[in-house]
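Below: the structure, in structure tokens.
The values are calculated or read from the model by the stated rules, or taken from the named source; none is laboratory data. Predicted model only: the values in this text are computed from it and were never measured. Here Cβ is always computed from backbone atoms with ideal geometry, including for glycine, and neighbour counts include all displayed protein chains. Ligands, DNA and RNA are excluded from the accessible area calculation, which covers all protein heavy atoms including side chains. Shrake-Rupley method; radii C 1.70, N 1.55, O 1.52, S 1.80 Å.
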Amino acid sequence: AYGAFVRALGRAHTNAKTEAERVAMLEAVAADVETYPPAVTELGGAYLDLAGKSSGTEPHYDRSEQILRRSVALDALYPPARQKLASYFAKRGRSEESLRLLQKGLVTHARFPGNHDELGYILRYAGLMEASMDSYRRAQELDRSLENLVATEQRLRALPGMIPELEEGEPAMADLLTEHADGVVLAEESLQRIFRVLADPIHHRIAAQS
């Protein structure tokens with residue numbers, strides 16, 4: 001069963017052209033790994049991503065919550081399960097529930113970057129920009145992977161009130177990574193510029209009005 005899940009996971013991340021295809025690939029083996037927290041978390045996260053990119057999202061969100069709650073019930077100390085459930089709460093506007101989960105997660109797994117990344121998202125919407133940037137920076141310190149670098153950049157670009165010169169003048173990291181031989185260095189520099197823009201008091205005032 002574990003081998004089937006690993007193969008399905010590989011296909012879901014390399015062959016799936018849409019979030020719906022990714023869900024279908026993981027659902028095909030879900031019954032065989034229903035007590036394995038990483039597999040349950042992966043499926044719940046896939047439904048969460050599908051809900052964010054689909055119309056008529058309510059059933060997908062409901063399914064995501066159901067699966068992610070089961071994953072946390074299977075292993076309350078598995079960091080990705082708590083982080084994904086916290087992400088679900090955040091996307092549904094349930095910030096206090098998200099924050100409680102993340103605070104518990106940081107007590108037991110202070111070095112798990114996903115907790116810090118998700119906390120940065122929550123703190124931004126609470127209006128605590130400096131604390132939010134600190135959390136995002138900590139997530140980057142703990143995980144220097146390209147995946148985390150690009151994911152953080154995409155979240156920051158999506159912030160309400162992002163100033164025009166950043167939106168229009170700063171190339172996306174995905175483009176930097178594919179179009180330049182030294183794309184990794186350029187991408188890291190880009191993220192630091194984004195942090196500096198967001199730390200500017202002018203941006204704070206713009207964000208507060210959004």
* At a 1.4 Å probe, what is the % contribution of carbon and sulfur to the accessible area of segment 42-130? -> 52
* Structure fact -> Net charge (Lys, Arg +1; Asp, Glu -1) of residues whose beta-carbon lies under 15 Å from that of residue 50, residue 50 excluded, is -1
* Which lysines, on any chain, are close to residue 17 with Cα under 30 Å apart, when same-chain ones fewer than 8 places away are left out? -> 53, 84, 91
* Net length gained if the chain between residue 73 and residue 31 were fully extended (0.36 nm per residue, minus Cα distance) -> 13.5 nm
* **Value of relative contact order over segment 1-58, rounded to a whole percent, pairs C-alpha under 8 Å and six or more apart** => 33
* Structure fact -> If each K or R counts +1 and each D or E counts -1, the residues other than residue 60 whose Cβ falls under 13 Å of its Cβ total -1
* Sites residue 103 and residue 66, calculated FRET efficiency, Cβ-Cβ separation with R0 25 Å, nearest 0.05 -> 0.60
* Structure fact -> Here the FRET efficiency for residue 142 versus residue 54, based on Cβ atoms and R0 = 41 Å and rounded to 0.05, is 0.85
* To do: Under 12 Å from the Cβ of residue 88, count the other residues' Cβ atoms, weight Lys and Arg +1, Asp and Glu -1, and hand me the total.
  => +2
* Structure fact -> Accessible-area order for 58, 27, largest to smallest, probe 1.4 angstrom, reads 58, 27
* To do: Obtain the nm distance between the two label points defined at residue 6 and residue 151 by a simple spin-label model: each point lies 7 Å from its Cα along the Cα-to-C-beta direction.
  => 2.1
